[in-house]
Amino acid sequence: MSQRKVKIPMKKVVVGLSGGVDSSVSAYLLKEQGYEVIGLFMKNWHDDTVTISDECPWLDDSNDAMLVAEKLGIPFQTVDLSEQYKERIVDYMFNEYEKGRTPNPDVLCNREIKFDVFMKIALSLGADYVATGHYCRKSEFEKDGETIYQLMSGMDSNKDQSYFLCQLTQDQLSKTLFPIGELQKSEVRKIASEQDLVTADKKDSQGLCFIGKVRLPDFLQQKLKPKEGVIVEVSSEDSVYNEEELSFSIKKEELQYLSKKYNYHKDQGKVVGNHQGAHYFTKGQRKGLAVGGTPEPLFVIDTDVKENVIYTGQGKNHPGIYRQALFISNDEVHWVRQDLALGIGKEMKVKARIRYRQPLQEAVLHQTENGLYVVFETPQASITEGQFVAWYSKDELLGSGVIS
């Protein structure tokens, strides 16, 4: 008697079609692999008054996403998440800048929007997975009877985007696919043009995640009012940088010392110019100071939003730019690999980066009762509060945290 074949239902995947080449090719590859694919475009922004030029990025993008879906013959719809985006990303950014911190909107957008709000919508449509056009990979293995998911860097080291996903959880990873993680950007473009996708030669998007090209001060000025203050130049010979030989009785004292910020005050240097608000500036910034006449360019070494003062130093080797360690308070420490989280008093050798595209740096994590210290082998330039530090073992991202 012939056996009837049981038809296995295809797994359903919702692809976040952004109107770019990466998500377009992701949708194509999933369809080729036999998934049932649905394209979803996220509209996250309405206010075109702050975007540069007369491009209306989201309209063009949603149009391109729709054309790609048509070409691939997959269902397509748009979801409007602008309310959640404003609440969770934009308001958070204003809040952080007001405190003198510098948030990373792309990391937040992935944590709060793509892999939370968007994922919930996708799952409510009956999807088994959500897929994005990120250049990173996912692996899994069994440990003590449970599946552990690994977030691996993308094969194209020039495009690796694992850093932007540094806040993902095991649960989110379990439901996510990264179809182009094994490919080089050039291969992705080649596939797109072979498939005659309208996005094949489209330039990669720049600017804030989904808002388009934004002039940051203009964007911030909607909420944070301009307020004139002074720009102070601190000499590299200043006594604050004279490090006396110190001995520490306990490790924690040394960690606190290494991660400590320099404390500046107005009379410490000379006033070299004025600015329109300390909250518009960030550490390491060189452009926009509008102060000339110094032998070497001025860099922002610190901002004081309470006193509304910007502290600067000459040249990129100014000692005020560098620090050996940073601190993350316990509530801001996030382990993608929960099973590897450090106990109090424990340490771990890792490679870490404090910004996207920064080459990985040798570092050691130290967990104390009040938080995690990351101590680098070589001092790092412009460690900035509010930004994310991510740590890796080989090409696996293990965890991350917000710099305090």
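Which Cα, out of Val198, Ile121, Gln33, lies furthest along the positive dipole direction of the chain (beta carbon charges, K/R +1, D/E -1)?
The Cα lying farthest towards the positive end belongs to Gln33.
On a full-extension model of 0.36 nm per residue, what is the gain between Gln358 and Glu296, subtracting their alpha-carbon distance, rounded to one decimal in nm?
Numbers: separation 62, 0.36 × 62 = 22.32 nm, distance 2.40 nm.
Extending this stretch completely gives an extra 19.9 nm.
Identify which of Gly20, Gly315, Gly293 has the largest mean-square fluctuation in a Gaussian network model of the chain, with springs joining Cα atoms closer than 10 Å.
Gly293
May I ask you to rank Met66, Met93, Met10 by accessible area, largest first, using a 1.4 Å probe over the protein chains only?
Met10, Met66, Met93
Considering only DSSP beta bridges with both partners in the chain, what is the antiparallel share in %, to the nearest 5?
Of all bridge pairs located within the chain, approximately 75 percent are antiparallel.
Just Lys143, Lys175, Lys71 to compare: in a GNM of the chain, with alpha carbon springs under 10 Å, which one fluctuates most?
Between Lys143, Lys175, Lys71, it is Lys143 that shows the largest mean-square fluctuation.
Pull up the cross-link candidates among the aspartates and glutamates for Lys260, meaning alpha carbon to alpha carbon under 14 Å and not fewer than 8 places away within one chain.
Excluding near neighbours in sequence, the set is Glu243, Asp302, Glu385.
Just the number please: accessible area per residue for the chain, 1.4 Å probe, all protein chains included, in Å². Mind showing how you got there, number by number?
Values: 20040 Å² over 404 residues.
Normalised by residue count, the accessible surface of the chain is 50 Å².
Expressed as a whole percentage, what fraction of the accessible surface of the chain belongs to carbon and sulfur atoms when a 1.4 Å probe is rolled over the protein heavy atoms?
So the carbon and sulfur contribution to the accessible surface is 48 percent.
Looking at the P(r) of the range 285-339, how many percent of alpha-carbon pairs lie beyond 15 Å?
It works out to 63 percent of all Cα pairs.
On a full-extension model of 0.36 nm per residue, what is the gain between Thr378 and Lys71, subtracting their alpha-carbon distance, rounded to one decimal in nm?
The span from Thr378 to Lys71 would gain 105.5 nm if fully extended.
For Asn317 and Glu243 in the same chain, what is the full-extension length gain: residue separation times 0.36 nm, less their Cα-Cα distance, in nm?
Length gained, Asn317 through Glu243: 25.0 nm.
For the chain, give the magnitude of the charge dipole about the Cα centre (Cβ charges: +1 Lys/Arg, -1 Asp/Glu; no others), in debye to the nearest 20.
Around 640 debye, computed over the chain.
Using a Gaussian network for the chain with springs between C-alpha atoms less than 10 Å apart, which of these wobbles most: Asp196, Asp156, Asp128?
In this elastic network of the chain, the residue with the biggest mean-square fluctuation among Asp196, Asp156, Asp128 is Asp196.
Could you pull out the pairs from Lys287/Lys316; Lys251/Lys349; Lys138/Lys394; Lys11/Lys31; Lys12/Lys202 whose alpha carbons sit more than 19 Å apart here?
Checking Cα-Cα distances, Lys12/Lys202 exceed 19 Å.
What FRET efficiency, computed as 1/(1 + (r/R0)^6) with R0 = 22 Å and r the Cβ-Cβ distance, is obtained for Asn95 and Asn274, rounded to the nearest 0.05?
Efficiency at R0 = 22 Å is approximately 0.30.
For a protection proxy built on the mean count of beta-carbon atoms within 10 angstrom, sort 36-43, 344-351 highest first, please.
36-43, 344-351
The values are calculated or read from the model by the stated rules, or taken from the named source; none is laboratory data. What you see is a predicted model; the values in this text were computed from it and never measured. Virtual Cβ from ideal backbone geometry, glycine too; neighbours counted across all protein chains shown. Areas reflect the complete protein model, heavy atoms only, side chains present, ligands, DNA and RNA absent. Shrake-Rupley method; radii C 1.70, N 1.55, O 1.52, S 1.80 Å.
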